[in-house]
Amino acid sequence: MYSAYALCVLQLGAGYPDLMNRYDLSEFVLSLMDKANTHTPLNFQQHMIGLMRGITVFDSAWWGWSVFRGGKIAMVHTMVSGLPEGFEPKVKAHLVNDPFVRTGRSLKRYARSLSVEDAVTDPGFKIFAGEFDLTQMLNGHCKVREGPFNFFMSLYRHGQKPAFTDTETTDFLAILRHLEQALSMCLQLDLGLRVDPGNEWALLDHEGELFLCSSGFGAAVKAGLEPGQKQTEKLRKLAGQPVTTAASGTTFSRARYSADLWLVSAQPVSPLTGLSPKERQVAELLISGATMRAIAEAAGVSVNTVRNQAASIYRKTGVHSKVELLRLAGSLPR
């Protein structure tokens with residue numbers, strides 16, 4: 001599975017004996033997945049760059065998440081390594097002229113290397129690169145879980161360091177595939193701990209741009225649209241209000257996920273909503289595992305009375321047995 005890539009990793013670049021470390025790819029992948037399993041996404045990204053330094057040679061790096069909106073690029077979760085604090089605001093000002101943005105934004109996975117002096121024609125970008133002594137760049141991005149956001153990473157060499165080779169670019173493209181898998185797993189594990197199993201979820205930025213979501217979140221939003229309302233308008237509303245109850249009855253709750261993302265949880269209408277207070281009490285006891293005899297004794301009524309109440313509960317909720325009621329309430333897997 002990894003033989004072709006492993007051969008690439010073991011190659012050395014001409015004229016730069018330390019171009020690629022002789023690093024075992026399987027160890028890199030195992031370490032990557034271990035960090036993804038044991039750290040939150042932001043902490044994982046900090047450890048990830050350390051692993052990257054073990055498999056390729058670069059002086060500094062910039063990485064994070066980006067999305068194209070209205071012809072412009074928006075970013076969240078960006079981080080730097082080996083670069084001063086003032087780097088990010090200045091590089092963002094030049095993104096419109098970034099050659100990587102122009103050529104690779106529509107691809108699922110993309111990598112390209114270039115020399116600033118030879119390949120970048122924008123004078124402003126050259127001035128910016130010179131300010132931070134960036135002479136060689138290796139840039140790539142990948143989609144994560146088919147969301148609209150890309151994960152991007154830029155590696156830089158400073159001063160008179162050799163250019164990134166074609167082999168390194170090919171290696172980097174393969175590395176991005178492993179980063180994509182690890183990031184996706186890390187996010188899924190983290191969100192699984194934060195959201196109730198029966199709820200759909202989404203990560204939105206402050207503008208309501210969808211970052212990632214569960215498979216059923218889109219349907220939950222669509223079902224709750226008001227007449228004439230567009231889904232993009234609904235998402236902006238969800239990002240702007242702590243709690244929103246849709247016309248469908250679904251309750252959307254917003255919570256802070258990070259400095260630049262909201263976690264929106266969609267809680268569906270309770271299947272017990274249409275029951276009378278006594279029926280709901282019986283239903284909750286049935287769902288908790290109580291027998292009809294135990295419910296009858298606790299309520300001081302006959303078992304037949306509880307059976308009649310259970311029959312009414314089944315009829316109103318559209319189920320035919322206690323097992324189906326448990327599934328409806330999310331207490332059993334489907």
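The values are calculated or read from the model by the stated rules, or taken from the named source; none is laboratory data. These numbers were taken from a predicted model, which means no experiment stands behind them. Neighbour counts run over all protein chains shown; Cβ positions are idealised from the backbone, glycine included.
Things to note:
- Residues in the range 252-285 that are modelled with pLDDT under 90 and part of a strand (DSSP E or B) were compared, and the one that is farthest from residue 324 (Cα to Cα) is 258.
- When residues of the range 306-317 are limited to those that are at pLDDT 80 or above and not aliphatic (A, V, I, L, M), the one surrounded by the fewest Cβ atoms within 10 Å (Cβ to Cβ): 315
- Test for residue 64: is it assigned by TED's automatic domain parsing to the domain that holds residue 40, at pLDDT 80 or above and of a type outside the set (A, V, I, L, M, F, W, C): yes
- Just one residue in the set 215, 258 is small (Gly, Ala, Ser) and under 26 Å from residue 79 (Cβ atoms); that residue is 258.
- Qualifying residue in the range 323-331 (condition: more than 17 Å from residue 198 (Cβ to Cβ), of a type in the set (A, V, I, L, M) and surrounded by 15 or more Cβ atoms within 10 Å (Cβ to Cβ)): no
- Some residue of the range 152-162 being modelled with pLDDT under 90 and surrounded by fewer than 21 Cβ atoms within 10 Å (Cβ to Cβ): no
- Subset of the range 241-282 (residues that are over 14 Å from residue 217 (Cα atoms), small (Gly, Ala, Ser) and within 20 Å of the chain's Cα centre (by Cα)): 255, 258, 259
- Set side by side, the residues 247, 220 differ, and just one is farther than 30 Å from residue 35 by Cα, free of Cβ contacts under 8 Å to residues at least 60 places away in the same chain and part of a helix (DSSP H, G or I), which is 220.
- Strands (runs of 3 or more DSSP E) fully within the range 117-214 counting 3 or more residues that are within 28 Å of residue 56 (Cβ to Cβ), under 30 Å from the mean Cα position of the chain (by Cα) and hydrophobic (A, V, I, L, M, F, W, C): 134-143, 150-158
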